[in-house]
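Chemist: Sharing a structure with you now.
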Amino acid sequence: MHELSLAQNLISQVLNLAREHQAKKVLRVSVEIGPFSGVVVDSFRFGYEVLSQEHGETRGSVLEIREPEQSFRCFSCGHVFNGKKMGDPCPDCKEGTLVAWGGDDIILLSVEME
Amino acid sequence: MCESCGCQGQGSFKKEIGVIEVNQRLLAANDAQAEFNRHYIEKLGALSINLISSPGSGKTTLLEKTIDALAGELRIGVIEGDIETERDADRIRARGIPVVQLTTGGACHLDAHIVHKGIRTLETQLDRTGLDLLFIENVGNLVCPVSFKLGEHLRAVLLSVPEGSDKPAKYPKAFMTSQVFLITKTDLVPYFDFSMEEAEREATRLNPGLEKFRLSSVTGENFDAWVGYLRNLLKKYRNILKD
């Protein structure tokens, strides 16, 4: 549900950039959505598609979304792993459990304009 | 700006455009406002707590009982977030506590900007001595409020017994980003298939550092522990602010 307000945030940042650089058209917007951000990627994309139609600069632009793999950090020894599950025992120290590590942000990576 | 004639870069000075690297978090503006709010709340001398849960988990009732337990001891202020109505604020106001109702008019969460307005309005109800605890009751929703920092020092997530003990596993982010986990309505355990152990185990799996309390606003079960925790935390917080 809050995907729409996040998409609105994205559009206003992109529009500010376009105005700052005196660009007439935004071609491509690249975003990274962290695996723990709690964002439903399809709803976010839908929000972008609807809202980008409202402005001449963003109309028809392509939204490119990168979704990095989840990573986990041992609560005890601090080592970071990929391809594991939350709450798994640490493969290294065998003592701690793995907790989500980073990746809860949505980051505007780049904007292509002309 | 052009160094020789001071023109603003139009015409032949036009900036080159193409791919602009940004690398900025989408919620950067909200987080900056949240940081500002936190400093503002610290100037009032208060420790702030953001309460998150689904609708009907007992956030307002928890507040009422917490206010009663600390009456005459700590100065409490409340910011209420709802989509519509003043009903929650009315319940708190009935206890003689400074309170502001924020109505989001449809939005499923509070954000740092609306909370800032709330703090400024609450301030007009305070005397010069300031506040000890500021509770911010978020819009009832276990998903959206989680992404928006408000300027709180502490985030508490509530789960009531009728909701079921599988909620931490189903709504992980609320439990991952909170520091306190409150199971509420524990007096209803005999009537529901709810396992405290499962709920706490799942929540701890997501966030091993969670503080946990099992509360009933009806019987008062464990309110001493909860209120004692708030007292201690406020003491620690005041010591840190002093340094």
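Chemist: Could you compute the net charge surrounding residue A:27? Neighbours are other residues with a C-beta less than 14 Å from the C-beta of residue A:27; K and R count +1, D and E count -1.
Modeler: Taking every other residue near residue A:27 into account, the sum is 0.
Chemist: Still on this model: With all protein chains present, how much of the accessible area of segment B:26-242 (probe radius 1.4 Å) comes from carbon and sulfur, to the nearest whole percent?
Modeler: Here carbon and sulfur together make up 52 percent of the probe-accessible area.
Chemist: In addition: For segment A:68-82 and segment B:104-133, what is the separation of their Cα centres, given in Å?
Modeler: Distance between centres, Cα-based: 37 Å.
Chemist: Report, to the nearest 10°, how far helix B:223-242 tilts away from the longest principal axis of the Cα atoms in chain B, using its own Cα long axis and a range of 0 to 90°.
Modeler: The angle comes out near 30 degrees.
Chemist: Sticking with this structure for a sec: In segment B:71-96, which residues have a backbone nitrogen under 11 Å from the label point lying 7 Å from residue B:121's Cα in the Cα-to-Cβ direction?
Modeler: In segment B:71-96, the label zone of residue B:121 (backbone N under 11 Å from the point 7 Å along Cα→Cβ) covers B:79-82, B:85-86, B:89.
Chemist: Let me ask you something else. Separation of segment A:1-58 and segment B:142-171 by C-alpha centroid, Å?
Modeler: 27 Å
Chemist: Let me ask something else about it. Rank these by accessible area, largest first, 1.4 Å probe: A:12, B:53.
Modeler: The ranking, largest first, comes out as A:12, B:53.
Chemist: What 222 nm value per residue comes from the helices of chain A, counting each DSSP H run with n ≥ 4 as -39,500 (n - 2.57) and dividing by all residues, nearest 500 deg cm²/dmol?
Modeler: -8500 deg cm²/dmol
Chemist: Considering the options B:29, B:180, B:140, tell which one lies farthest towards the positive end of the dipole of segment B:26-242, charges being +1 on Lys and Arg and -1 on Asp and Glu at the Cβ, about the Cα centre.
Modeler: Value: B:29.
Chemist: Rounded to the nearest 20 Debye, what is the dipole magnitude of segment A:1-102 about its Cα centre when Lys and Arg each give +1 and Asp and Glu each give -1 at the C-beta?
Modeler: 200 debye
Chemist: Now a separate question. Skip the ligands, DNA and RNA, and give the accessible area per residue of segment B:145-243 with a 1.4 Å probe, whole Å².
Modeler: Solvent-accessible surface per residue comes out at 46 Å².
Chemist: Next question, about the same structure. If the only charges are +1 at each Lys and Arg Cβ and -1 at each Asp and Glu Cβ, what is the size of the charge dipole of the protein assembly as shown around the Cα centre, to the nearest 20 debye?
Modeler: Using Cβ point charges on Lys, Arg, Asp and Glu, the protein assembly as shown gives about 600 debye.
Chemist: Suppose every Lys and Arg Cβ carries +1 and every Asp and Glu Cβ carries -1, with no other charges. What dipole size does chain B come out with about its Cα centre, to the nearest 20 debye?
Modeler: 500 debye
Chemist: Chains A and B: how much accessible area gets covered up at their contact, both sides added, probe 1.4 Å, in Å² to the nearest hundred?
Modeler: It comes to approximately 2600 Å² buried between A and B.
Chemist: So the label point goes 7 Å from the Cα of residue B:238 along Cα→C-beta, right? Which residues of segment B:103-143 then have their backbone N under 11 Å from it?
Modeler: Flagged as within label range: B:132-133.
Chemist: Still on this structure: Across peptide B:19-32, what mean number of C-beta atoms from other chains lies inside 10 Å of a residue's C-beta?
Modeler: Mean inter-chain Cβ contacts per residue within 10 Å come to 6.
Chemist: Given a Förster distance of 56 angstrom, what is the FRET efficiency for residue A:22 paired with residue B:68, based on the Cβ-Cβ distance and rounded to 0.05?
Modeler: About 0.40, to the nearest 0.05.
Chemist: Once every DSSP H run of n ≥ 4 in chain B is given -39500 (n - 2.57) and the sum is divided by its residues, what mean residue ellipticity at 222 nm do you get, rounded to the nearest 500 deg cm²/dmol?
Modeler: Helix contribution divided over all residues of chain B: -10500 deg cm²/dmol.
Chemist: Helix A:3-20 versus the longest principal axis of chain A: what is the Cα-based angle in degrees, 0 to 90, to the nearest 10?
Modeler: It is inclined by approximately 60 degrees.
Chemist: Using alpha carbons only, how many degrees (0 to 90, rounded to 10) separate the axis of helix B:112-123 from the longest principal axis of chain B?
Modeler: 70 degrees
Chemist: Another question about this same structure. Using a 10 Å cut-off around each Cβ of peptide A:97-104, what is the average number of partner chain Cβ atoms that fall inside?
Modeler: Averaged over the peptide's residues, the number is 3.
Chemist: On to the next question. At R0 = 41 Å, how high is the FRET efficiency between residue B:196 and residue B:94 if r is their beta carbon distance? Nearest 0.05 is fine.
Modeler: 0.80
Chemist: Can you send over the solvent-accessible area of residue B:36, 1.4 Å probe, protein chains only, in Å² to the nearest 10?
Modeler: Rounded to the nearest 10, the figure is 110 Å².
Chemist: Put a dot 7 Å past each Cα toward the Cβ at residue B:85 and residue B:25; how far apart are the dots in nm?
Modeler: 3.5 nm
The values are calculated or read from the model by the stated rules, or taken from the named source; none is laboratory data. Just so it is clear, the model here is predicted, and its values are computed rather than measured. With ideal geometry, Cβ positions are generated from the backbone for all residues, glycine too; neighbour counts draw on all protein chains shown. Accessible surface is based on the protein model in full, side chains and every heavy atom, while ligands, DNA and RNA are left aside. Shrake-Rupley method; radii C 1.70, N 1.55, O 1.52, S 1.80 Å.
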